[in-house]
Amino acid sequence: MDMSSIVLFGPPGAGKGTQAARIMEATGLPQVSTGDMLRAAVKANTATGIEAKGYMDAGNLVPDEVIINLIKDRILEDDAVNGVMFDGFPRTIPQAEALSQITEVTHVIAIEVPDEKIVGRICGRYSCAGCGMVYHDTFNPVSSSGCDCGNWQEKRRADDNAETVQSRLDTYHQQTSPLADWYLEKGIFHPIDGDRAIDEITGDILVALE
Ligand code: AMP
């Protein structure tokens, strides 16, 4: 197992996707987002997408087996040879156990944001379909000329609504947050206060990765 990887951990709306783009630039590690992979599968109407859609719309987790198979395939791609940055994976202990057989995880970067801030952060967020950059109506709006990538196209997620957010948060607390202790015991867990300016958070993450 030559490759080593990092995990971005945290509740929905913590800013994992925003920080992933910046860490990718700094480290060269490709972002592997199971949420993005599932949304692509839903859009393409693949068997995985059809199975996953109901869970995603309800704010529940897609079964471990489906996710682990997605990751096993993704990790075989050329850009993953030196490791990757996982975003939104693992989300359960069985997923973390499976991951430990696939790659060494050197850092778990946990972006912490209090529950009461999450709903406002998720409702109002959107991204650029051209480059994936994440924006927010209030906190981080796109400029009037559109995204810097030059290919501006607004995209909003179907599950970024007030009803689904609460069940995504419940799911996070019940099934995903126990992973924090699991990784803490391994000595690779780095909590980062995510309730600050985007640049400050990135700075702390890069220090933790040094
Ligand atoms: P995300 O984009 O990470 O917020 O994920 C969106 C939705 O995809 C989640 O609410 C889950 O339904 C599903 N999902 C993404 N990643 C996972 C995972 N690692 N395990 C189970 N379900 C996932």
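Structure data summary
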| item | result |
| --- | --- |
| Normalised alpha carbon radius of gyration of the range 1-125 [divisor 2.2 N^0.38 Å] | 1.05 |
| For the chain, alpha-carbon Rg and Dmax in angstrom | 16.3, 47 |
| Those lysines that a straight Cα-Cα span of less than 20 Å connects to Lys16, excepting residues fewer than 8 apart in one chain | Lys117, Lys155 |
| Length-normalised contact order of the range 18-165 in % [C-alpha pairs under 8 Å, at least 6 apart] | 22 |
| Protein accessible area in the range 60-171, 1.4 Å probe - carbon and sulfur % | 47 |
| Lys/Arg +1, Asp/Glu -1 at C-beta; the chain dipole; positive extreme among Ala14, His136, Ile93 | His136 |
| His173 accessible area, assembled protein chains, probe 1.4 Å, Å² | 80 |
| Å² per residue, accessible surface of the range 106-210 at 1.4 Å | 56 |
| Student exercise, the chain dipole from Lys, Arg, Asp, Glu Cβ charges, in Debye to nearest 20 | 520 |
| Stretchable slack from Trp152 to Glu200, in nm (0.36 nm times residue separation minus alpha-carbon distance) | 14.7 nm |
| Solvent-accessible surface ranking, highest first, for Asp199, Asp193, Asp159 at 1.4 angstrom | Asp199, Asp193, Asp159 |
| Compactness index (Cα Rg / 2.2 N^0.38 Å), the range 29-99 | 1.07 |
| Estimated vicinal HN-Hα couplings, Hz - the range 128-141 in sequence order (Karplus 6.51, -1.76, 1.60; Gly, Pro = x) | 8, 5, x, 10, x, 4, 9, 10, 8, 3, 9, 8, 7, x |
| For the range 83-173, fraction of C-alpha pairs farther apart than 17 Å, in % | 62 |
| Descending semi-axes in Å of the range 66-110, equivalent ellipsoid built from Cα gyration tensor | 16, 13, 9 |
| Point-to-point label distance, Glu163-Ala21, nm (Cα→Cβ direction, 7 Å offset) | 2.9 |
| In nm, spacing of pseudo-spin labels at Thr138 and Gln174 (7 Å Cα→C-beta vector) | 2.8 |
| Lys/Arg +1, Asp/Glu -1 at C-beta; the chain dipole; positive extreme among Gly194, Ser127, Thr176 | Ser127 |
| Per the chain, cysteines lacking a partner by the 4.7 Å Cβ criterion | Cys123 |
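The values are calculated or read from the model by the stated rules, or taken from the named source; none is laboratory data. Quick caveat, the model's predicted, so the values are computed rather than measured. Every residue, glycine as well, gets a Cβ built from its backbone with ideal geometry; the counts of neighbours run over all protein chains shown. Calculation scope for accessible area: heavy atoms of the full protein, side chains included, ligands and nucleic acids excluded. Shrake-Rupley method; radii C 1.70, N 1.55, O 1.52, S 1.80 Å.
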